[in-house]
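First up is the structure itself, then whatever we jot down about it.
The values are calculated or read from the model by the stated rules, or taken from the named source; none is laboratory data. Quick caveat: nothing in here was measured; it's all calculated off a predicted structure. Heads up, the Cβs are rebuilt from the backbone with ideal geometry, glycines too, and the neighbour counts pull from every protein chain shown.
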Amino acid sequence: MIEVRQLTKTADTGTHRVEILKGINLIIPRGQFAAIMGPSGSGKSTLLGLMAGLDSPTSGQVILDGVEISGMEEDQLAAIRGRKVGFVFQSYQLIPTLTAEENVLLPFDLNGSANGNDGSDGPKRALELLEAVGLSERGDHYPVQLSGGEQQRVALARAFMVRPPILMADEPTGNLDSANGSHVLDLLIEMNRREQTTLVLVTHDKELAARADRCITLQDGRICSDE
């Protein structure tokens, strides 16, 4: 489902070049739950962003579900992301002027026709997803009216809206207390199994990583273990 070939990423600080990723090779099969771990600065969030098409590599290839995305024009890349990738951010990234239901529906409004939907089942699926994350009574609330845990659950529902084959999450419980974090994680794993997506998750949490099928650890921009 995801293939990475000799992926590198460098950044120019003005005085010198920093190598963030140094020739990463990785294959993630369809349906696998893979956790990416490593200390701060190891390159794990950079790797996730490159795999999601949110950033461009310095060199190397990223192939999502048989489509090479490295080197694509932004409009093509946006279309591929819209069809193939759901993303859950640590900071929720909800639109403040939209209700919870409208936030969940947003990927459908942007990509629904591209995914072969006729438009009629969008609102129905949004309500079903809000119910799945326990927020069926909060659909008309705006993000400012929701707690952090509730906002992340809305973001989780939104990520599944267009049934993407790949779901990526960057520290999805990082801004939550332990109780809310545990609840969001349980929902994420439960929904991922139900939707049968390929899940790639960046985390510092060893307990969270232990629930994955596979744990990939980065150190200084390289894979140091893959178990």
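At-a-glance table
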quantity: Residues of region 180-223 satisfying the condition of being among the hydrophobic types (A, V, I, L, M, F, W, C) and without any contact (Cβ under 8 Å) to a residue 12 or more places away in the chain; calculated: Ala210
quantity: Odd one out for Glu101, checked against (1) exposed (fewer than 15 other Cβ atoms within 10 Å of the Cβ); (2) modelled with pLDDT of 90 or more; (3) over 18 Å from the mean Cα position of the chain (by Cα); calculated: (1)
quantity: When residues of region 47-67 are limited to those that are β-branched (Val, Ile, Thr) and touching a residue at least 60 places away in the same chain (Cβ under 8 Å), the one surrounded by the fewest Cβ atoms within 10 Å (Cβ to Cβ); calculated: Ile63
quantity: Test: Ser91 is in a loop (DSSP other than H, G, I, E, B) and surrounded by 13 or more Cβ atoms within 10 Å (Cβ to Cβ); calculated: yes
quantity: Residue match in region 106-116 (condition: more than 21 Å from the chain's Cα centre (by Cα), at pLDDT below 90 and not basic (Lys, Arg)); calculated: yes
quantity: Selection status of Pro96, at pLDDT 95 or above, of a type outside the set (A, V, I, L, M) and assigned to a loop (DSSP other than H, G, I, E, B); calculated: yes
quantity: Region 119-146, subset of a type in the set (Ser, Thr, Tyr) and more than 12 Å from Glu102 (Cα to Cα), residue modelled with the lowest pLDDT; calculated: Ser120
quantity: Residues of region 147-195 satisfying the condition of being at pLDDT below 90, closer than 25 Å to Ile2 by Cα and in a helix (DSSP H, G or I); calculated: Val184, Leu185, Asp186, Leu187, Leu188, Ile189, Glu190, Met191, Asn192, Arg193, Arg194, Glu195
quantity: Filter pass, Ser70 being surrounded by 14 or more Cβ atoms within 10 Å (Cβ to Cβ) and either more than 28 Å from Val154 (Cβ to Cβ) or over 18 Å from the mean Cα position of the chain (by Cα) (or both); calculated: yes
quantity: Cys215 being more than 24 Å from Gln151 (Cβ to Cβ) and touching an Asp or Glu at 6+ places or on another chain (Cβ under 7 Å); calculated: yes
quantity: Filter pass, Gly139 being more than 18 Å from the chain's Cα centre (by Cα) and either crowded, with 18+ Cβ neighbours inside 10 Å or of a type in the set (A, V, I, L, M, F, W, C) (or both); calculated: yes
quantity: Contacts under 7 angstrom Cβ, first residue in region 90-110 being under 23 Å from Thr173 (Cβ atoms) and touching a residue at least 60 places away in the same chain (Cβ under 8 Å), partner among the β-branched types (Val, Ile, Thr) and part of a helix (DSSP H, G or I), 6 or more apart; calculated: Leu94/Val154
